[in-house]
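All remarks here apply to the structure that follows.
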Amino acid sequence: MKNSGGKPRAGAVRKSKKGAQVGTGGHGRKALEGRGPTPKAEDRDYHPAGKAKALRERAAAKAARSGRDTAPRGASGASRRAKNGDESEIVTGRNSVLEALRADIPASTLYVAARVEFDDRMKEILSIATGRGIPILEVMRPELDRLAGRDAVHQGVALKVPPYEYAHPGELLDRTLRSSETPLFVALDGITDPRNLGAIIRSTAAFGGQGVIVPQRRSVGMTAAAWKTSAGAAARTPVAMAPNLTQTLKEFKKAGVFVLGLDGGGDVSLPGLSFADRPVVIVVGSEGKGLSRLVTETCDAVVSIPITAATESLNAGIAASVTLYEIAKLRAEARAAK
């Protein structure tokens with residue numbers, strides 16, 4: 001039936017050669033609904049952002065597993081972490097990463113940028129990491145930029161170093177005494193530059209010292225920069241953390257260890273130091289402020305290194321090296337004379 005306008009009524013069945021069909025009211029409803037909202041880029045497996053997300057998740061899982069097994073330990077074999085909230089360090093750049101691996105710095109993950117250009121350094125980096133069983137993860141450059149941090153030049157490679165675990169000063173001293181060695185330690189008072197710590201660790205190892213002591217507060221810790229500067233010595237020479245440096249030095253004195261502070265205005269001259277053949281802990285102060293008052297009062301002697309008037313002071317790392325060399329030389333002379 002037609003209406004007065006001669007057109008079919010809305011919803012009426014229309015005839016065709018194929019027979020009756022339903023009206024168009026529900027046609028295309030599912031097509032209009034589509035497949036739902038478009039997934040985020042990181043949720044699409046084929047998208048670069050999705051691949052980067054997957055790499056991050058795998059890296060986090062592997063780093064968590066590896067970090068438990070590869071964290072460096074102090075001389076006691078188990079100690080305390082530096083400070084609550086410490087995170088792993090990231091060493092960046094081909095030279096820095098290669099030096100760190102050559103120095104046998106403990107590492108949990110090696111990150112390599114996708115489609116990175118290979119040179120002799122990259123080949124050696126991958127060879128060492130593979131030989132040591134360090135997990136190697138290929139990541140997109142934006143992810144490597146994020147890992148490296150602002151303004152860091154990573155050159156397509158980064159190395160993750162787990163938090164350092166410190167020895168206890170008392171355990172370190174007990175171990176040395178049990179080994180029948182003459183104790184020789186270096187303690188840091190107010191030094192905040194990790195390169196100084198690394199240099200002092202290296203000198204301590206070179207001249208027969210048994211360890212380095214750092215205070216828990218207002219002091220440098222074992223960062224990636226300290227590891228790098230130590231040139232591998234940190235893997236052999238333990239670093240102990242003292243909750244209170246002054247109290248630790250007093251405990252060492254009770255055990256028969258002489259506490260020698262280094263200061264330009266010291267009353268004892270380094271050459272021919274009479275304390276050299278005895279158990280010794282050398283205390284090095286900061287370049288700006290020197291030794292703190294309480295530490296100075298705890299010292300058995302304050303030692304000065306003769307230098308020319310044209311030079312105001314020595315770098316803390318150099319001062320420690322000179323003193324360690326002099327003590328090692330005097331001890332060698334004393335052994336030869338017996």
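The values are calculated or read from the model by the stated rules, or taken from the named source; none is laboratory data. Quick caveat: nothing in here was measured; it's all calculated off a predicted structure. Here the Cβ positions follow ideal geometry from the backbone for every residue, glycine too, while neighbour counts run over all protein chains shown. Side chains are part of the model used for accessible areas, which takes the heavy atoms of the whole protein and leaves out ligands, DNA and RNA. Shrake-Rupley method; radii C 1.70, N 1.55, O 1.52, S 1.80 Å.
Placing a label point 7 Å from the Cα of K329 along the Cα-to-Cβ direction, the residues of region 253-289 with a backbone N closer than 12 Å are 270-273. Both numbers refer to the Cα atoms of region 168-279; Rg and Dmax are 13.7, 37 Å. Counting every C-alpha pair in region 87-183, the share spaced more than 23 angstrom apart comes to 35%. A simple spin-label model places the labels of I318 and S127 3.7 nm from each other, with each point 7 Å out along Cα-to-Cβ. For region 100-145, the spread of Cα positions along the three principal axes, ordered from largest to smallest, is 28, 22, 15 Å. Heavy-atom accessible surface of region 238-305, averaged per residue, reaches 44 Å², computed with a 1.4 Å probe.
Restricting region 163-267 to trypsin sites (Lys or Arg not before Pro) that sit in a DSSP loop and have at most 14 other Cβ atoms within 10 Å of their own Cβ leaves R217, R218, R236. Diffusion coefficient (Stokes-Einstein, Kirkwood radius over C-alpha pairs, 37 °C, 0.692 mPa s) for region 222-338: 211 µm²/s, rounded to a whole number.
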